[in-house]
Ligand code: ADP
Ligand code: ADP
Ligand code: ZN
């Protein structure tokens, strides 16, 4: 099963993608996590990506597409995957579509996690991220068991640089301009499913499994 998560920054794509990955035993692939891991390790890719990410801009398609295609070519992806944060532009979607078509394959579901802009600033300012294992929490809605510490791996939780309100506004503009058109792209392919992302994370997940289990 090949799944794409769509939605604004902070809509809960990562939270849901992790649950999907666990339940359906497919890898969770987050381009944002890959970039952050590279920043942490100080690679050339990380250095380049950071200049865009810090401004709330997208990393150029050429760079992002290469990383994603390398990742999905790995052995663990042969039974499917859940993509979180890719594609984010029409050209990215077209490259993925072409690569899959060449393999006689396709995306099965594009799940649009729908959350209005008004809720997003709160989601982002309360988000705390583990840069070691990629887990995310929310100080009010989804708190870790121990404040500031990742439940999964015990690392320190941080407020991401790009989750500060000024950058979030840019990211929302970028989302509306460059990513939202993907809703029409996947509607035209008959794979778009929209779920209400404003409800409790368990209820969002229930709506998603209902779609995937049909
Ligand atoms: P969020 O989950 O909050 O939307 P991500 O972790 O997906 O954030 O992305 C963080 C940043 O990484 C983005 O603002 C962008 O700069 C970069 N990024 C991640 N995925 C992509 C992509 N597919 N194309 C371009 N840039 C990306
Ligand atoms: P995205 O990957 O789309 O950027 P995340 O999954 O990281 O979004 O979620 C953004 C923030 O909102 C995180 O702090 C997360 O813990 C929180 N969150 C996720 N889902 C919900 C939900 N259904 N209700 C309230 N908060 C949520
Ligand atoms: Zn962790």
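Derivation of every value follows stated rules applied to the coordinates shown; laboratory data play no part. What you are looking at is a predicted structure, and each value in this text was computed from that prediction instead of being measured.
Note on the stretch 88-207: antiparallel DSSP beta bridges, both residues inside, total approximately 60 percent of the bridges counted.
Just round it to a whole percent: the fraction of Cα-Cα distances in the stretch 1-121 exceeding 27 Å. Kindly include the intermediate steps, with their values, before the conclusion.
Working: 1131 of 7260 pairs.
Above the 27 Å cut-off, the stretch 1-121 has 16 percent of its Cα pairs.
Shape analysis of the stretch 106-157 based on the Cα gyration tensor places the equivalent ellipsoid semi-axes at 24, 17, 8 Å, largest first. Relative contact order, whole percent, for the chain stands at 30, derived from Cα pairs under 8 Å and 6 or more residues apart.
For the pair the stretch 163-214 / the stretch 1-40, the C-alpha centres are spaced 12 Å from each other. Take every pair of alpha-carbon atoms less than 8 Å apart whose residues are at least six positions apart; their mean separation over the length of the stretch 132-189 yields a relative contact order of 18 percent.
At 20 °C and 1.002 mPa s, what whole-number value in µm²/s does Stokes-Einstein give for the translational diffusion of the chain, with Rh from the Kirkwood sum over Cα pairs?
It diffuses with D of about 122 µm²/s by this estimate.
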